[in-house]
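Below: one structure, written as structure tokens.
The values are calculated or read from the model by the stated rules, or taken from the named source; none is laboratory data. None of the values given here were measured: they were computed from a predicted structure. Heads up, the Cβs are rebuilt from the backbone with ideal geometry, glycines too, and the neighbour counts pull from every protein chain shown. To get the accessible areas, we keep the full protein, side chains included, count just its heavy atoms, and leave off ligands, DNA and RNA. Shrake-Rupley method; radii C 1.70, N 1.55, O 1.52, S 1.80 Å.
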Amino acid sequence: MSAIHQAGKTNQLFALVDVNNFYVSCERVFAPKLEDVPMVVLSNNDGCAVARSAEVKALGVKMGTPWFQMKDLAKQHGIQAYSSNYTLYGDMSGRVVEVLRKFTPNLEVYSIDESFLQIETVLKQYADPTSLGQIMKQDVKDTTGLPVCVGIGASKTLAKLANHLAKKNPQFAGVCDISSMSKEVLYQWMAETAVGEVWGIGGKTAKKLKELKINSVFDLVQISPQAMRQQFGVVIERICYELRGVSCLQLEEVAPAKQQIISSRSFGKPVTSMEELAESVATHAARGAEKLRSQKSVTGALTIFVQTNPHKPFEPQHHQSITVVLSDPSDNTLTLTGAALKGLKQIYKAGFKYKKAGVILNLLADKPTIQQSLFDDMEVKGKSAGLMKAMDSINSRFGNAAIKTAASGTKQDWQMRSSNRSPNYTTQWDELPVVR
């Protein structure tokens, strides 16, 4: 018997809680005057729209539209544009998860604005799944100010589909429980929903499905999963089973450790000097080291890269990278910074306008299981671990990069543009909201 069939034998019930227009909603929590105002949140360097309010979506603005292309529309309709404030969004995401953990410990943080909850074991405390969903929705709103929708289904894919229906159809009042629908009602909703809305089916696959006359979710449910596997592979077969209520995707309560860590950003202005590039690379090496320590890993090699702006082909171009192998795998910020700067010196060339630099950490391994050498100085290693623990503790308490290496610089004029960023309302003492 296949793993797919075995997984479907339990009576599991999943809820997907998704914050509506997450970035926009975070901004509105602390600036109520923005409620009902058309607004977008822009990507790094204030480039493209990465979040749109419902009012902006109604104007036909697509995700990823460059800000300069919508300036006339913004002037005409009074669209407000905010720079991304990932510190605020990350903190608000954590607060939502804290609220949801009160309902069940069986929770998977799927993304910054979405969490899956396994709820069949806690249902006896509530009248029905919809009641539980409404209570969760209201609790998140009361505690964080953020609006959410809740989708409930016998599989994670059905929970995602239910969440989509809850968002698009006001009659659900923000909570859609597919598990309580009759087959006739469920199939009607599936028939009215495009197959491309199914979780896991991308644009290319949706196009191929339409060529086979599979236009709606209902059309897909009618097809044999085995037949879909022959044409599209095991992923689509699993989706077909999930849409039939056979749970194949289990909750991932502990996120797997990353096999590679990348830290990079585009500059807010062209960078030409070695000094500014070094500050950038040192900053990225430090961020990578923090991520390593948070997942209890070490790295055996760093790849450092620099590049000019490929969208300005009339300017001299220089794209280069180099990998520096460490003799002793490490998570120490000072060690990684030194290795990164050593690599940068070998690939830097003067006379170019650099647009981006970054550090990639490779050959990751679990720190607790890494084999020690007979020649390791355990006293030195112990001091190194203590220093990194102190750095992480200080930065966690007083804010990101409250303490950092001198190589990272102090002014960092190369940082990305963020001309209209909202205050860090929840993480910086001097940026707390003021009540008058």
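Run a plain Debye calculation on segment 360-436 (Cα atoms as equal point scatterers, no solvent) and give log10 I(q)/I(0) at q = 0.25 Å⁻¹, rounded to two decimals, same order as the q list.
For segment 360-436, the Cα-only Debye profile gives -1.30.
If we restrict to alpha carbons, what Rg and Dmax does segment 12-104 come to, in Å?
14.9, 50
Show the residues, 5+ positions off or on another chain, whose built amide H is closer than 5 Å to the amide H of residue 51.
For residue 51, the qualifying residues are 41.
Leaving out same-chain residues fewer than 8 places away, which lysines sit with a Cα under 16 Å from that of residue 213?
List returned: 204.
Taking amide H positions as placed 1.01 Å from N in the peptide plane, with prolines and chain starts having none, which residues 5 or more places from residue 261, or on another chain, fall under 5 Å of its amide H?
361
Can you flag which of 71/269; 156/208; 342/411; 75/353; 342/367; 210/258 are past 28 Å Cα-Cα?
75/353; 210/258
Provide the per-residue ³J(HN,Hα) series for segment 301-307, in order, calculated from phi with Karplus coefficients 6.51, -1.76, 1.60 and θ = phi - 60°, each as a whole number of Hz, with x at glycine and proline positions.
So the J values, rounded to whole Hz, are 7, 10, 10, 10, 9, 9, 7.
What share of all Cα pairs of the chain, in percent, falls into each consecutive 10 Å distance bin?
4, 17, 23, 26, 21, 9, 1, 0
Efficiency by 1/(1 + (r/R0)^6): what FRET value for residue 168 and residue 402, r their Cβ-Cβ distance, R0 = 45 Å, to the nearest 0.05?
According to the calculation, E is roughly 0.55.
Given the rule -39500 (n - 2.57) for each run of at least 4 DSSP H residues, summed and divided by the residues of the chain, what is its mean residue ellipticity at 222 nm, to the nearest 500 deg cm²/dmol?
-12000 deg cm²/dmol
Using only the alpha-carbon atoms, how far is helix 333-347 inclined from the longest principal axis of the chain? Give it as 0 to 90 degrees, nearest 10.
Tilt of helix 333-347: around 80 degrees.
What do you get for Rg/Rh of segment 97-251 when both radii come from the Cα atoms and Rh is the Kirkwood radius?
Checking Rg against Rh, the ratio lands at 0.98.
Amide H of residue 309 versus every other amide H placed in the peptide plane: which residues, excluding those fewer than 5 positions away on the same chain, fall under 5 Å?
355
Using the Karplus equation 6.51 cos²θ - 1.76 cosθ + 1.60 (θ = phi - 60°), what ³J(HN,Hα) coupling, rounded to whole Hz, does each residue of segment 421-436 give in order, writing x for Gly and Pro?
Working through the residues one at a time gives 7, 6, x, 7, 4, 10, 10, 10, 4, 7, 10, 4, x, 10, 9, 9 Hz.
Take the Cα atoms of segment 142-192, build their convex hull, and give its volume per residue in Å³.
Residue-normalised Cα hull volume stands at 88 Å³.
With labels modelled as points extended 7 Å from the Cα through the Cβ direction, what inter-label distance (nm, one decimal) is found for residue 318 paired with residue 125?
6.1
Per the 1.4 Å probe, what fraction of the accessible area of segment 219-301, in percent, lies on carbon and sulfur atoms?
50
Cβ neighbours within 10 Å, averaged per peptide: list 338-345, 90-97 in order, most packed at the top.
Values: 338-345: 19.2, 90-97: 17.8.
My ranking of the peptides, most packed first, is 338-345, 90-97.
Starting from the Cα of residue 222, step 7 Å toward the Cβ, then list every residue of segment 177-194 with an amide N under 11 Å from that point.
Only 191 pass the distance filter.
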